[in-house]
Each structure stands twice: as C-alpha cells, then as structure tokens.
Amino acid sequence: MSDLLELAVVIPTFNEAANVPTLIARLDRALAGRVWEAIFVDDDSPDGTADAARAIGRLDRRVRVIQRIGRRGLSTACIEGMLATAAPCVAVIDGDMQHDETILPAMLDALQADPNLDLAIGSRFVEGGGTGEWDRDRVAKSAFATRLSRGVLKVDVSDPMSGFFLIRTDVARGVVPHLSGIGFKILLDILTTSARPLQYREFGYVFRVRTEGESKLDHVVAMEYLIALYDRRFGRVVPVRFAMFSAIGVLGVGVHMAVLSALFLGLSATFLSAEIMATLAAMTLNFFLNNALTYRDRRLKGARQLFDGWVSFCVVCSVGAVANVGIAAFLYDVREGGWAVSALVGVLVGAVWNYALSSRFVWGRY
Ligand code: GDD
Ligand code: MN
C-alpha cells in the first residue's frame, strides 16, 4: 500500500465539542486502510470545539484545525477547509454525526475508479437513503427549499441541499473563485457555479438524529438561503448586499416620514427639529437593520463597537445626504433636468455613497 494522502475530510463546526472525539473514532473505523486527514474548520466556538480537536491532533497527526476568528458561515468554512489540503479528494461532512461516514469509502472508490467523475454526493433521496426521524414540518420545509433550488440548478441532483459530498480537490479549487459562499448550501453553490456540468454519482444514506449539541439551522439560515438563490440569479446585476442595503434604506424613508409627520403634524414641533429627529430615527433603524442583516457576517457587537459603528454610520449618511441634495440641485438648476429625474439621480448617488463608505468604514474595520 502506498502512503500517499488520498482524502481530506473537512468538518465545519460550531459548538460541537462533545461530538469531536466520537466523530474521529468513527472516521478512523470507516476509513481503515485509507490514507486520510481530517480538517476541522471551527468558527471560534465558545464551547471549545477547536481545543477539543487540537487535543486529539497532538496524538493523531491526521487531525488538523483551522480556527476562524470573528467569522461565521458554514459555506465559507467548507471552502477554506477544501483549500487547506494537499489530498486529491476532499469530503465535507457535518460535525454532529448526522451524516453517515460509513459510505465514504464507496464514494472515494468511485472517484478513484472513474477519472471522469467529479463528485460523489451523499443523498437522502435515492435507494438506501432517508430523512430518518425528521418531523413532517422539517420534511416539508426541506422539500420546498429543494423545489426552489430547481430554478437555479442545471442538473437533476436528487438532494442538492446535501451537505455531505466528496469532490476532486482540483475541481473544487477551480470553482472556488466564483462561489457566492453565502449561507448553508455549499453543494448547491458548487453545482450552480461550475461552468461545465459536473459528473456526479449519488450514494444513499439515512440522515441520523443529532444526539449531542444543537442545530444551527434557524430563520437567519433560511433567509440566507433565499439570499443565496437571489445572488445566483440576479447577483451580477445588483449585488445582494447593495440590494439589501437599498431595501432597508427604503424602509428608512418610511420611518423618516412617519416620525416627521408624528412630530410636526401631531405634536406641532418645528419643522427643523422634527426633521432632525426623523433623520436620526431613520439612520438609527437603518444602522441596526444593516448590522443585523446586510452585514450579519461582520456584525458589530458590544456597546463600544455598536456606538462607534452608529456614529460613523451617521457621519457617512450625513455626507451622503449632502451629496444627494447637491447633485439633485446641480442637475435641476445647472443642467435644467426634470425635477423627478434630478431627485432620483441624487438618491441613487447618495445610496451608492452610503453603501460604499459604510461597507468600508462602518463594517470593514474588524
Ligand atoms: N464553521 C462553522 N460555521 N460551522 C457551522 C456553522 C458556522 O457558522 N453553522 C453550522 N456549522 C456546522 C455545525 O456545527 C455542524 O457540524 C454542521 O455545520 C451542520 O450544522 P447543523 O446545524 O447541524 O445543520 P442541520 O443538521 O440543521 O442541517 C444540515 O442538514 C442539511 C440537510 O438538509 C446541514 O448539514 C446541511 O449541510 C445538510 O445538507
Ligand atoms: Mn445537524
């Protein structure tokens, strides 16, 4: 037997400390006789997952750890893990043992035997597969998400939402520069990004029940899925972050008008003071919404970061407002443009300004 490295197993983790030793033991059993390494990609889990993996790594050099600071994201974790190996094949598997590691040898054999095969996909929806003990609600949601994905998918994979697959590392490296990296669905991202249709084979497995730790799938993840689909379809025309930033901006205008009319009409404040309050309210709301949604992957946290961010956001937006009004007035007065077009161009320039500068100076510092 040659001892050339055959396979890397990438394991994205967030708060999976209790699962680490068991998973390694299971990989060791499943991959007996193969030359492999495991790469945990941990987003600085507070429960010490990275330390748990390092503790094993000192004894067992097949186990390595990438610890990411100030970052979150299942897809980007998988991408960074796939780039960190010299093995010709790389598998991605959940760290909670819900994926069945015993099918890994068959997946690896398939790629080694057939040079035309790019990808082996663990599927819940082929012979030998199943969703295990999922409740009806989760099955329905998953089926709905899969149906949505058909809109962007060129190939007819039975389980495009699977997070369990094994791919040729050079193929993965080839698509990485073009991946969106948003959210949970790295396989879907790879399948929709590849310029040529990838040759794949599916391997059935039954999705196991999680026994330790908890799932990270929540409404934010669901939202990210929709964002990822948007990005695939329209992202080239209007980048997804700018679209969110603008949508939140429109909401801000609504809040501005509501506060203005409440203070000015309702409480008969002076127009100037009502305007100032309305502007502050709108900017504050926009700041927090953008922090929660648009920049959720670089979210500012804690009183200090939030306060600094809020102040710099207000400064950026104030300059943006001046630019907006200045350009609109210039077009209207000097170029004799129509009033509505002048105003819209002003708004657009202001929005791009706010977006560009806040992404650099408000959310670009940590
Ligand atoms: N590094 C990192 N960063 N890892 C993460 C993050 C993150 O932000 N979020 C989740 N993970 C890790 C978890 O620790 C776990 O090892 C794995 O990603 C899957 O997360 P779960 O929270 O257990 O996901 P799930 O069981 O609800 O969903 C799974 O089911 C899908 C099938 O519909 C996902 O694994 C999908 O990949 C799978 O296809
Ligand atoms: Mn899970």
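The alpha carbon centroids of the range 322-357 and the range 1-71 are separated by 54 Å. Amide H contacts of VAL63 (H built 1.01 Å from N, in plane; Pro and chain starts excluded): ALA38 sit under 5 Å, all sequence-distant by 5 or more or on other chains.
Taking amide hydrogens as placed 1.01 Å from N in the peptide plane, the amide H of PHE165 sits under 5 Å from those of VAL92, GLY122, each at least 5 positions away in sequence or on another chain. Please check which bits of the range 1-24 a label hung off ALA55 would reach, taking the label as a point 7 Å along Cα-to-C-beta and the cut-off as backbone N under 12 Å. Of the residues in the range 1-24, 17-22 have backbone N under 12 Å from the label point off ALA55. Relative to one another, the C-alpha centroids of the range 259-297 and the range 130-208 are positioned 42 Å apart.
Residues in the range 204-214 carry Karplus couplings, in order, of x, 8, 9, 5, 7, 7, 6, 9, 10, x, 10 Hz; the curve used is 6.51 cos²θ - 1.76 cosθ + 1.60 with θ = phi - 60°, and Gly or Pro positions show x.
Helical runs assigned H by DSSP (4 residues or longer) give the chain a calculated mean residue ellipticity at 222 nm of -16500 deg cm²/dmol, each run adding -39500 (n - 2.57) before division by the residue total. In whole angstrom, the range 150-208 maps to an equivalent ellipsoid with semi-axes of 18, 13, 13, each derived as √(5λ) from the alpha carbon gyration tensor and ordered largest first.
Shown in residue order for the range 80-96 are the 3J(HN,Hα) couplings computed by the Karplus curve 6.51 cos²θ - 1.76 cosθ + 1.60 at θ = phi - 60°: 5, x, 5, 7, 9, 10, 9, 5, x, 10, 9, 10, 10, 9, 5, x, 10 Hz (x for Gly and Pro). Between ALA53, VAL237, VAL209, the Cα set farthest toward the positive side of the dipole of the chain (charges on each charged residue's Cβ, about the Cα centre) is that of VAL237.
State the antiparallel share, in %, of DSSP beta bridges confined to the chain, rounding to the nearest 5.
Roughly 25 percent of the DSSP beta bridges within the chain come out antiparallel.
For the range 117-170, the alpha carbon convex hull comes to 96 Å³ per residue, rounded to a whole number.
Simple point charges give the picture: +1 on the Cβ of Lys and Arg, -1 on the Cβ of Asp and Glu, and for the chain a dipole about the Cα centre of about 660 debye. Extension gain, THR131-ILE276: 0.36 nm per intervening residue step, less the Cα-Cα distance, totals 46.7 nm.
For the chain, build the convex hull from the C-alpha positions and give me its volume per residue in Å³.
Looking at the chain, the number lands at 174 Å³ per residue.
With R₀ set to 22 Å, the beta-carbon distance separating PHE144 from VAL220 gives a calculated FRET efficiency near 0.80.
Taking 0.36 nm per residue of sequence separation and removing the Cα-Cα distance, the PHE234/LEU153 pair yields an extension gain of 27.7 nm.
Helix 136-149 and the long axis of the chain differ in direction by around 70°, with both axes built from C-alpha atoms. Note that the chain presents 51 Å² accessible area per residue, ligands and nucleic acids not counted, probe 1.4 Å.
The values are calculated or read from the model by the stated rules, or taken from the named source; none is laboratory data. All figures in this text were calculated on a predicted structure; none of them were measured in a lab. Ideal geometry is used to build each Cβ from the backbone, glycine not excepted, and the neighbour counts take in all protein chains shown. We work out accessible area using only protein heavy atoms, side chains counted, and drop any ligands, DNA or RNA first. Shrake-Rupley method; radii C 1.70, N 1.55, O 1.52, S 1.80 Å.
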